[in-house]
Amino acid sequence: MPRYRPGKSAAQAEAEHDLSSAVKLASNEHPFPPDPRLVEAVAASAAGSNRYADHLATELRHALAAHVGVDVERVTVGNGSVGLLQQLCLAYVDPGDDVVYPWRSFEVYPVFTQLMGGRSVQVPLAHDLGHDLDAVAAAVTPDTKLVFLATPNNPTGVATSVDDLATMLSKVPDDVIVCIDEAYREFVDPRFGDPVTELVPRFPNVVVTRTFSKAFALAGVRIGYGIGHPSVVAMLDAVQMPFAVSAPAQAVGLAALDHRDSLLATIPAWIAERDRVVAELRGAGWSIPDVQGNFVWLPTGDASAEVALALEQRGVVVRPFPGEGLRVSTGSHEENDRFLDALRAIAADTV
Ligand SMILES: *Cc1c(COP(=O)(O)O)cnc(C)c1O
């Protein structure tokens, strides 16, 4: 089995390298704690923890349906969006079935595929580190049950437009489920389009997954959602572990939707920080793809493990993909400066 590798914590790096302080830019988390109104929602809900929560998260489904503008039958809620990705595999993948996805991409796709005894069909990324959608469509065969497409792609950060997705979907049979994984939706330039309004009504095999983990600073609470055809939603619900979505997770999801606009008001500044990091890296001669998430792909190639270690020794934890590159989350202004300074120092050391 391939294992899912979580990012190393700052505390772990401090202990390993005997540092007084380290910063974690390894898991695409929000650099700041959640808004007090969200913390309050979790605390209030915790007081009722003697009772099981609503297994179907009915109230949250209704709120999400109103928020995205679809019927409630098209909405499901999961233990993080990763929970829904696993449910897609549980529902649709039997031993020997193919799961098609671009690679390199999100590391749970191979894990969940193999967990079902499925076969991973990995399609190389295009030259710009985005998806080669013609090759994805061509990789779909009668053995294919499921396609995963992350936009923006994790770890490269390159987004895919709804128009390009529609062209690909028109070539894929409608009994193949296509999951559009939009974990970073809130960071993406709107010109890429909205798969929920533009693809879900047209393609009954499309399911879009989204999450409160990244933009709403709630990664530790585990709450994500999916939008798709009612029959796909029913399949996902059929295989969900009982009470997978905790009461605090449901409560905080409702609170996040209630205060959505003010909570997301900080996103433009965060995107501006990402763009500042990209501009500084490009200015230093790095070739950085057109990233749309809250993270940057640094193509360090064969030096990736070595550069990641050198950054860690300077107190900056990033996510290495040995032989390929580094994924660096966009943190606070100070954290990003610390990363840029450390990278400059490493570059100076090696010349
Ligand atoms: C972070 C991430 C997820 C998400 O996570 P949950 O915390 O489980 O909602 C899903 N897909 C991709 C591509 C991600 O990077």
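The values are calculated or read from the model by the stated rules, or taken from the named source; none is laboratory data. Everything numeric here is computed off the predicted structure, so don't read it as measured data. Note that each Cβ is placed from the backbone with ideal geometry, even for glycine, and that neighbours are counted across all protein chains shown. Surface accessibility is based on the protein's heavy atoms, side chains included, excluding ligands, DNA and RNA. Shrake-Rupley method; radii C 1.70, N 1.55, O 1.52, S 1.80 Å.
Details
- For the chain, the solvent-accessible area of protein heavy atoms averages 42 Å² per residue (probe radius 1.4 Å; ligands and nucleic acids excluded).
- Phi-based couplings in Hz for the range 301-315 (Karplus 6.51, -1.76, 1.60; Gly and Pro marked x): x, 5, 8, 4, 4, 5, 5, 4, 5, 5, 5, 4, 5, 9, x
- Per-peptide average of other Cβ atoms within 10 Å, ordering 33-46, 157-170 highest first: 157-170, 33-46
- By the rule of a C-alpha distance below 25 Å, with chain neighbours fewer than 8 residues away ignored, the lysines paired with Lys24 are Lys8, Lys214.
- Potential lengthening between Ser20 and Val39 on full extension [0.36 nm per residue; Cα-Cα distance subtracted]: 4.0 nm
- On the principal axes of its alpha-carbon atoms, the chain has extents of 58, 52, 39 Å, going from largest to smallest.
- Long-range amide H partners of Thr144 with built H, under 5 Å: Asp98
- Report summary: the helix-based calculation at 222 nm, which adds -39500 (n - 2.57) for every DSSP H run with n ≥ 4 and divides by the residues of the chain, gives -11500 deg cm²/dmol.
- Whether the range 272-351 is rounded, prolate or oblate, judged on the alpha carbon gyration tensor where a/c under 1.5 counts as rounded: rounded
- Highest mean first, the peptides 175-182, 119-126 sorted by other C-beta atoms within 10 Å per residue fall in the order 175-182, 119-126.
- For the chain, the fraction of 1.4 Å probe accessible surface lying on carbon and sulfur atoms is 54 percent.
- When you count the other C-beta atoms within 10 angstrom of each residue and take the mean per peptide, 140-150, 209-219 line up highest first as 209-219, 140-150.
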